[in-house]
Every structure is written in structure tokens, then in C-alpha cells.
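To start, the structure under review is shown below, and the notes come after it.
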Amino acid sequence: MYAPATGKGRPVEEEIITEENVFSRPDETIGFFPKQVLYDGFISALILIACCVLSYVSPAPLTEPADPATVTYVPRPEWFFFFSEQMLMFFPGYALISFGAVVIPTVFVTLLFAVPWLDRGPAFSPLRRPFAVVIGLLVVVTVLLNMLLAVSRIINFPGQ
């Protein structure tokens, strides 16, 4: 190897790569193909087989065909819309539907996206970043409480 400061060449030292220093230089990495691709393909095949076995062992129940003439059917949202439906229960009336269905969820999502810019601290520990932790926990707790309130309302009043 040539040393520009002295103009003389110096011997190249052979570096021994071990598990501890394999990632110390970016040009000495472990290849993605074919090892990782084979691992991912194997795990994906196992998950697909497990899904097929579970669907065969415990098939989805089939009920009677839908009757559009019934007046006793009460539509229920899917479980991932419980939060949104519960927000509509907090804001009753036609004038407040857009507030509960659009404005409040938009504020929550915007707040979660804004947390990295509002808390610019260099620390990685959650104990040293109380603002980000509190904002994140408030949003998550609000969503979970709304989902639990909707589930309890549906369980307690199944026909309404």
C-alpha cells in the first residue's frame, strides 16, 4: 500500500475477520443472496402450510344467506373500525359526525407523525424522552380505550 505522506510503500497487513469485527467496515458484509432469501422462502412456506392446515382443521362457519328484507339485522363494523365508531358515540348528532369521524383521528395521526420533530433529543432511552413517550402513550391509550368501550357496548347491547 502506498503512503502519500512519505512517498514510500508500506506492507499491507492482513486483517483477520471474526464474528466480532465482521461489520466494522461497510465493505465487509455478509451476502443477502442466497442464504437470507432461502431462509425467508422457507419461513414463508411454513407460514403458508400452517395457514392451510388451520383453514382445513377449523373452517370458517357458513351461515344462512343474507336476507335483504329483514328489519332485525343490526350492522356492526369490523373490529379495526371500533375506535372510529366509538368516536361517533362521543359526538352525537348530524353536525358533529365529521368532527368525530375525520377531525379527531386526523389530529391523532398528525400528532404521532409530528412526535419525532417535536422531540429532537439525541437520547434513545424512553426514560430520557418523556415528551415523546407521553404523547405516544396518550394516543395509544385513547385508541385502546375507545376500542374497549365499543366492544363493551356491543357485548352489553347485542341487539341495538
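Per the listing 132, 101, the residue uniquely out of contact with any His (no Cβ under 8 Å at 6 or more places or on another chain), farther than 30 Å from residue 72 by Cα and surrounded by 11 or more Cβ atoms within 10 Å (Cβ to Cβ) is 132. Kindly indicate whether residue 142 is surrounded by fewer than 11 Cβ atoms within 10 Å (Cβ to Cβ) and assigned to a helix (DSSP H, G or I). So residue 142 does not fit the description; no. Inspect the stretch 72-86 for any residue being touching a residue at least 24 places away in the same chain (Cβ under 8 Å) and in contact with a Pro (Cβ under 7 Å, 6 or more places away or on another chain) and give the result as yes or no. For the stretch 72-86, residues touching a residue at least 24 places away in the same chain (Cβ under 8 Å) and in contact with a Pro (Cβ under 7 Å, 6 or more places away or on another chain): present.
Residue 127 meets the conditions (1) under 26 Å from residue 148 (Cα atoms); (2) in a helix (DSSP H, G or I) in every case but one. The failed one is (1).
No value in this document is a laboratory result; all are computed from the given coordinates. Quick caveat: nothing in here was measured; it's all calculated off a predicted structure. Note that we place each Cβ from the backbone using ideal geometry, even for glycine, and neighbour counts take in every protein chain shown.
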